[in-house]
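Below: the structure, in C-alpha cells.
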Amino acid sequence: MSNRHLIVGTAGHVDHGKTSLIKALTNVDCDTHKEEKDRGITISLGFSHMQFPSGDSIGIVDVPGHKDFIKTMVAGAHGIDMVLLVIAADSGVMPQTTEHLNIIKMLDIKDGIVVLTKSDLVDEDMLELAQLEIAELLEGTNLENAPIIGVSTITGDGIPELKSLIETQINQVSISKPRGDFRMYIDRLFNVKGIGIVVTGSVLNGELNLGEDLFLLPESKKQIKVKGIQRHGSAIEQVFAGDRAALHISGIKVEDFKRGMILSSSQIENSQMIDASIRLFNENTEFKIWSHVIFLSGTYESPAKIHLIDTDKLEAGETAIAQIHLEKPYPFLVKDKFIIRNSSNDQTLGGGVIVDPQPLHHRRRTAKLVQQLGELTQATVYGTSLLDLIRIELSKTRIPELLTDLTERLNINQEALIEELKKFTSSDILNYSIGNKQLLIAESADRQCADTILSALNDFHEKNPMLKSGLDTNSFAGKPGFSGAKNGKIYLQTLLNRLLDENKIKKVDDTWILSGHKVKINAKTREQIDWLDKKMMHQGMQNPVMKTIEDSAQHNKIPREKLRILFQYLIANNRLVICEGEYIHVEVIAKARKTLLKGALEKGSLGLNEKEFRDLIDGSKKFVQLLVKIFLEEQIISKRSYYLDITEKGKKLIGKG
Ligand SMILES: Nc1nc2c(ncn2[C@@H]2O[C@H](COP(=O)(O)OP(=O)(O)OP(=O)(O)O)[C@@H](O)[C@H]2O)c(=O)[nH]1
Ligand SMILES: [Mg+2]
C-alpha cells in the first residue's frame, strides 16, 4: 500500500462548517463529546482520515473555531502539512478566519485549499463577493495561490470535486519534515480496558518501529515500550513523520501523563530559555524590550518572558530575534515552531521559530551577539546547511576568506564544512586550494573580481592601443576585492593564474594583457611614430628637449595625449630610454657611449673626467649627468669623484667599436 505521510487539518471561524465538511468527506463525525453535541461547537480536536482510490490515505485533524479554543487549534495545527481553510460563503472572512490563517502561516504550513462552505445559502453574486474578499485576505500569504472551491454539505455540491482536489493537492505538497529522532506530541490518551494505555498524536519527526523504546518528556526519564502501532485504524509496524499515529504503550501509569508531553526516541535536554526568530501579526500589539506572553507549541503551553535582542521595539508585521524565558522547561529542538498569545490568553499575537534551544543567557545585547544570532537565524529559518552559513558570511564581505578563519569565526566544525564542500556540486561558492590553504569566495564576488581585472586591462589597451604590453600584477592590488582583504594578494595571484589557464589573459614582458589584444597602428600613427623617432634621434646632446618636442608636435597637430602614447610606444619598443623623467633616444646614447669609449682609449688612460666627456660630445651639463647615470647603470663606467673609469665590461665594448 502506498502512503503519503501527510496530515490535513481544518482551520476557520466558529460555525463555518469545518466539522460538517470532514463528515461529508470522510463520514466521520469529529464532534464526539456530549458538550460538543449540546453546544453545537467543536471543543476538542477531532480526528479522521481520507482514503483515495489510489490507495493513498491521509490523516485529518479537525480543530475548533471558537475563539476560546485557540490553544486547542494550535495543538491540532502543529504537525499538519496542508490546511483546509474553511470560510462560510454566507458570512465571509471573520476574526478567527484571520487568526487561524496567521497561525497557519507562523507554523510554516505552505499548502492549502480554501473551502467556501454553505454555498447552498448564497447566490452566485454572494459567492463571487466572498471569493474577492478571500483573494484580498490571502494576498502575500503562503496560501496566495491556493485554490478556492465552493461546497455545500447539505446538498453535497462540490464535495466530490473537493475530494479529487485534495488528492491532486497532496501530491504537490512540499514536505520538508525534519528527519532525525522520532517525536510525537500526545493529543489524546485512552486507558483501554483489557489493553492498557493508548496515545495518539501527529508524528513530528523521524520514524518509529514496533517494539522500540520511547521517552515520555519532559518529566519522565522512564523508558516506555511501544507494543502496538495503528495508523488510520489499521495495525502497522512503522509510522513516519507526517502520520497520525495511535500507540499502545506500556511501562507507565495514567497519572504520569500531563498535557503537553511528548514521546521521543531520545532524551532531549529541557530548554529553560530559547533563542528565536519571532514575528508579530496582531495589529493592536507592540512589544517593548521585555514582554510577558503565553507560549504555545503543539500541546505545550507556558507563560514566558520575551526579551528582544536586535531591536527595542517590535510592531505588527515585523520580525525580531528574541531570547524567550520559559516558565515551564521543555525539550525543544532547533526549528520548532511556536505561537505567542497575550498573557491574558485572549489574543494571538504572533509566533516564531526556535533558532537555538540551548542558548547562553544574553544579559547584554552586544553588536556581536546580534550579528551571531542574525546569522544563526538566517541559517535556521531560511536554510539548513553549513554552506548556507558560509554563503551568508561570504556575501557580507565580497572578498575571499580562509576556510580556517571562517570556521573559527562561525564556530562551525571544519571537517564537517570540508565534507559539505566536497558534496557540493552547484557552484555558488568557489573553493581555491593554495598550498595547504583553502580560500572560499562567493562565485558572484569572484566573477566581479575577474571582471575588475579584465576591464582594467581593456581600459588600458583602449588608452594604449599601440602598446603590446599591459598591466603588472601590482596595478590590480589596489582594486576592490584585492585591496584591504587579508588574503587579497594570494587571491589576486590565484585569480590571475586562473584567467591565464582559461586563456582570457596572457603574459607579455612581465605584464598581463587580454588574450585578444593586438597592437593597432594606422598609417598616420606610423608616420607620427617615425616623426618622433627621428626628432628624438636628431635632438643631439641637448636636454631637456620636451618643450621643443611639444611645440613641434603642436605644430604638426599631434594632440598632447597622442604624443604621450607615441612616447610610450617608442619606450616599449626600445627606441627611447627614460631617465630621471627625461626621454633619450637609444641611438643618441649609443653615439655618446662610442664617443666616451673612443675618447678614453685615445687618451690612453682608460678614463675621462666629466668635463672632457662633455667637450667630446658637446652636450649640455644636464645631459652629461643623465648619460653618466645611464652608463653607470650599464656598468660600463665607474665613478671616482668627477673621474669616469672604464670598467672591464666597458673595455670589452671598446674592441667591438
Ligand atoms: N446550509 C448549510 N449549513 C451548513 C453547511 N455546513 C455546515 N452547516 C451548518 O453550520 C453549523 C456549524 O457547522 P459545524 O460543522 O459544526 O461548524 P464548525 O466550523 O465545525 O464549528 P466549530 O468547530 O465550532 O468551529 C451546523 O449547524 C451545520 O449544520 C452547509 O454547507 N450548508
Ligand atoms: Mg467543528
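The values are calculated or read from the model by the stated rules, or taken from the named source; none is laboratory data. Predicted model, so just to flag it, every value in this text is computed and none were measured. Reconstructed Cβ throughout: ideal geometry from the backbone, glycine too, with neighbour counts over all protein chains shown. Only protein heavy atoms, including side chains, enter the accessible area calculation; ligands, DNA and RNA are left aside. Shrake-Rupley method; radii C 1.70, N 1.55, O 1.52, S 1.80 Å.
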Task: When residues of the stretch 122-147 are limited to those that are farther than 16 Å from ASN102 by Cα and in contact with a helix residue (DSSP H, G or I) (Cβ under 8 Å, 6 or more places away or on another chain), the one modelled with the lowest pLDDT - done: LEU127
- [ ] Tell me the helices (runs of 4 or more DSSP H) entirely within the stretch 1-97 that contain at least 2 residues that are over 22 Å from GLN230 (Cβ atoms), more than 8 Å from ligand 1 (Cβ to nearest atom) and open to solvent by 60 Å² or more (accessible area, probe 1.4 Å).
- [x] 34-39
- [ ] Would you mind telling me which numbered condition in (1) open to solvent by 30 Å² or more (accessible area, probe 1.4 Å); (2) at pLDDT below 85 SER455 fails?
- [x] (2)
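Residues checked against (1) out of contact with any helix residue (DSSP H, G or I) (no Cβ under 9 Å at 6 or more places or on another chain); (2) small (Gly, Ala, Ser):
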site: ASP29; (1), (2): no, no
site: HIS33; (1), (2): yes, no
site: ARG39; (1), (2): yes, no
site: HIS49; (1), (2): no, no
site: ILE60; (1), (2): no, no
site: VAL63; (1), (2): no, no
site: ILE70; (1), (2): no, no
site: ALA77; (1), (2): no, yes
- [ ] At least 1 residues that are in contact (Cβ under 8 Å) with a residue 40 or more places away in the chain and either within 16 Å of ligand 1 (Cβ to nearest atom) or in contact with a helix residue (DSSP H, G or I) (Cβ under 6 Å, 6 or more places away or on another chain) (or both) in each: list the strands (runs of 3 or more DSSP E) lying fully within the stretch 148-236 that qualify.
- [x] 148-150, 188-192
Open item on the list: If LYS629 meets every condition in (1) over 30 Å from PRO465 (Cβ atoms); (2) within 60 Å of the chain's Cα centre (by Cα); (3) surrounded by 14 or more Cβ atoms within 10 Å (Cβ to Cβ) apart from one, which number is that one?
Closed with: (3)
Task: Members of the stretch 47-73 found to be within 13 Å of ligand 2 (Cβ to nearest atom), of a type in the set (Gly, Ala, Ser) and closer than 24 Å to VAL239 by Cα, listed by number - done: SER48
TODO: Would you mind stating whether ILE274 is in contact (Cβ under 8 Å) with a residue 60 or more places away in the chain, open to solvent by less than 40 Å² (accessible area, probe 1.4 Å), among the aliphatic types (A, V, I, L, M) and over 23 Å from ILE80 (Cα atoms)?
DONE: yes
TODO: Tell me, please, whether a residue that is open to solvent by 60 Å² or more (accessible area, probe 1.4 Å), in contact with a Gly (Cβ under 8 Å, 6 or more places away or on another chain), in contact (Cβ under 8 Å) with a residue 24 or more places away in the chain and not in a strand (DSSP E or B) can be found in the stretch 311-332.
DONE: no
Task: Whichever residue in the stretch 124-135 is open to solvent by 60 Å² or more (accessible area, probe 1.4 Å) and either in contact (Cβ under 8 Å) with a residue 40 or more places away in the chain or under 17 Å from HIS16 (Cα atoms) (or both) and, among such residues, is nearest to ligand 1 (Cβ to nearest atom) - done: MET126
Task: Check on GLU582, of a type outside the set (Gly, Ala, Ser), touching a Leu at 6+ places or on another chain (Cβ under 8 Å) and either modelled with pLDDT under 90 or open to solvent by 30 Å² or more (accessible area, probe 1.4 Å) (or both) - done: yes
